[in-house]
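Novice: Here it is: the structure, laid out below.
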Amino acid sequence: EIVRDLVHSVSWLEVRGIAFSSAAEMQVLRVMSSSFAKKISFTQTLLTDATVPEIVSILEDMPKLVELELVDCRLLGTGQWKMEFQAKKSQTLRVFTIKNLAIEEFYLFTDLQPVEGLLSLFTRVTVQNTKVFLVPCKISQHLRSLIYLDLSANLIGDLSLEHSACQGAWPSLQTLNLSQNSLSDLEMTGKSLSHLGNLIVLDISQNNFGEIPEECTWPKHLKYLNLSSTHIPKVTDCIPQSLEVLDVSENNLKEFGLQLLSLKELYLKGNQLKTLPGAAPIPNLVSLSIRRNKLNSFSKEEFESFRRMELLDASDNNFICSCEFLSFVHHEAGLAQVLVGWPDRYVCDSPLAVRGAQVGAVRLSLMECHRSLVVSLICVLVFLLILLLVAVGHKYHVVWYLRMTWAWLQAKRKPKRAPPKDVCYDAFVSYSENDSEWVENAMVRELEQACPPFRLCLHKRDFVPGKWIVDNIIDSIEKSRKTLFVLSEHFVQSEWCKYELDFSHFRLFDENNDAAILILLEPIQSKAIPKRFCKLRKIMNTKTYLEWPLEEEQQQVFWYNLKIALRS
């Protein structure tokens, strides 16, 4: 009753989400036969071989029905329909659309002979994504009034297209969409359709043609051809001369040199082109899209050859061009719209103030006009800044302070003093390699042969092989009761002696004890010691240190004082 109240007032009636499994279930929709609706849609509906004839019977009685649509429906059956059409009925239906129709046994489907009587008046038929692999020749011949046919996203191959487009098929057809099918032979495709004298628009995009022959046969009045995403590596004379619109986007084209005298619109998006196509072979071109290619420049002459054009879209290319070129475009070019839709990367990488603005409105900064010069100046300034930082760091011992910070962090991780049981040496000896003869032949012999003997830690003898030298120094200082610094001119010039002073600086001198013993092997001025060792300089200025005497009679006193200091 609700449907009965509505059918006389609606122009588009949709039947959604209903399963019609038997003919009896369709009787509830018989009330639709008196509807004045112009369009009926079945969405997400279940149909069977038994219910399809009932639906057709109902639709026949609708006096003003123009369009029938099936979207996301499911059909259980193989097309074995028994139906008869009454004379002078079904005279208004013109548009038939099927999208995403699931037919589980599509490979067993019949030739649709029972519905041939409905087809002669159809002007627009769309069958998308329905696993259609063949249109029977008789069905194609009955579509005498068909102007628009969309068979995209199906399974039509080269041989099945030849059968579907047989002689006498689709005599009035003007637009044919065969995109996303299984076509692979471009020459055979053109030949199969060549007898369609009224065909103007042909879309065979997203088929895997791969190769393109040198010559092809096409419908003589073909004006629009879409060959995008068909994996063709080049364009040849196979392209018909009658075209006004050609789309070869998303292929592997590296050049475009065809002569197409009638061509008005050319789409070359997403190829490998490095130069603009020649303007002379395409004298009537008014719109060119060459987005997402590999263009990086083009000359004034190339640009000027396209002055007659109304639209040039070359966005998403990495152009590097001069400000003189832009000046030419600003003041001389006659394009109504040039470089429309350019993204943030614009000519000379200039950002547009308004997306899609005309090139004449662009004003470039110094950076964009003299990019190379500005980048060179920036690099020189950065280099000079780095040199300045290095000089300042060297003068004020920045590297040393960084090393000292690391040494301090290393020392802070360990206790101030090693446990007594871990103390292995009486003294760690820090000396320059140039003073090794005195250390090894004089001091070591005197101290290690004393009664009782002293045990000394020497880097040459007691460091653990394979261990990081920094860890060896820290561990040796921590495992020694004292640290002997054999100071000399060689000592203050030795890099490793500086490291040993670095690592012992915080631990020994910050504890305010006598763990450090300074031996002055030769006269050395306090100013010879690096200024950054401020506490070492202070100790030498405020505390007593042992000085190695040259007179033999005083050397015994030196050894006696050193032994006393080591035992304290």
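The values are calculated or read from the model by the stated rules, or taken from the named source; none is laboratory data. On a predicted model such as this, the values are computed, not experimentally measured, just so you know. Cβ sites come from the backbone with ideal geometry, for glycine too, and all protein chains shown count toward neighbours. For the accessible areas, the whole protein counts, side chains as well, though only heavy atoms, and no ligand, DNA or RNA atoms are used. Shrake-Rupley method; radii C 1.70, N 1.55, O 1.52, S 1.80 Å.
Novice: Pulled fully out, how much extra length does the chain show between Ile564 and Thr78, if you take 0.36 nm times their separation in residues and subtract their Cα-Cα distance?
Specialist: 163.6 nm
Novice: A further question follows. For a distance above 21 Å, tell me the whole-number percent of Cα pairs in region 37-185 that qualify.
Specialist: Percent of Cα pairs beyond 21 Å in region 37-185: 42.
Novice: Could you pull the accessible area for Glu214 with a 1.4 Å probe, rounded to 10 Å²?
Specialist: Probe radius 1.4 Å; accessible area of Glu214 about 110 Å².
Novice: Given a Förster distance of 22 Å, report the FRET efficiency between Ala280 and Thr236 from their Cβ-Cβ distance, rounded to the nearest 0.05.
Specialist: 0.75
Novice: Can you sort Tyr560, Tyr431 by 1.4 Å-probe accessible area, starting with the largest?
Specialist: Largest accessible area first, the residues go Tyr560, Tyr431.
Novice: With a point put 7 Å past each Cα toward its Cβ, work out how far Val464 is from Asn198 in nm, to one decimal.
Specialist: Between Val464 and Asn198, the label points sit 9.6 nm apart.
Novice: Contour minus end-to-end for Glu547 and Ser145, with contour as 0.36 nm per residue of separation and end-to-end as the Cα-Cα distance?
Specialist: Length gained, Glu547 through Ser145: 132.7 nm.
Novice: What does the charge count around Lys264 come to, taking other residues whose C-beta lies under 15 Å from its C-beta (Lys +1, Arg +1, Asp -1, Glu -1)?
Specialist: Net local charge, Lys264 excluded: -3.
Novice: Within the set of other residues whose C-beta is less than 15 Å from the C-beta of Glu214, count the net charge using Lys and Arg as +1 and Asp and Glu as -1.
Specialist: The answer is -3.
Novice: Additional query: On a full-extension model of 0.36 nm per residue, what is the gain between Val115 and Gln525, subtracting their alpha-carbon distance, rounded to one decimal in nm?
Specialist: So the chain would gain 136.0 nm between Val115 and Gln525.
Novice: In terms of modelled amide H atoms, which long-range or inter-chain residues lie less than 5 Å from the amide H of Gln128?
Specialist: Ile98, Lys99, Asn100
Novice: Another question, if that's okay. Local charge sum around Ser192 (other residues, Cβ-Cβ under 13 Å, Lys/Arg +1, Asp/Glu -1)?
Specialist: Within the 13 Å Cβ shell, the charges total -3.
Novice: Excluding ligands and nucleic acids, what accessible area in Å² is computed for His394 using a 1.4 Å probe, to the nearest 10?
Specialist: Ignoring ligands and nucleic acids, His394 comes out at about 150 Å².
Novice: Quick one: Karplus J couplings for region 246-252, per residue in order, coefficients 6.51, -1.76, 1.60, θ = phi - 60°, nearest Hz, x for Gly and Pro?
Specialist: 10, 10, 10, 5, 6, 10, 10
Novice: Taking the Cβ-Cβ separation of Leu46 and Thr217 as r and a Förster radius of 51 Å, what is the calculated FRET efficiency to the nearest 0.05?
Specialist: It comes out at approximately 0.70.
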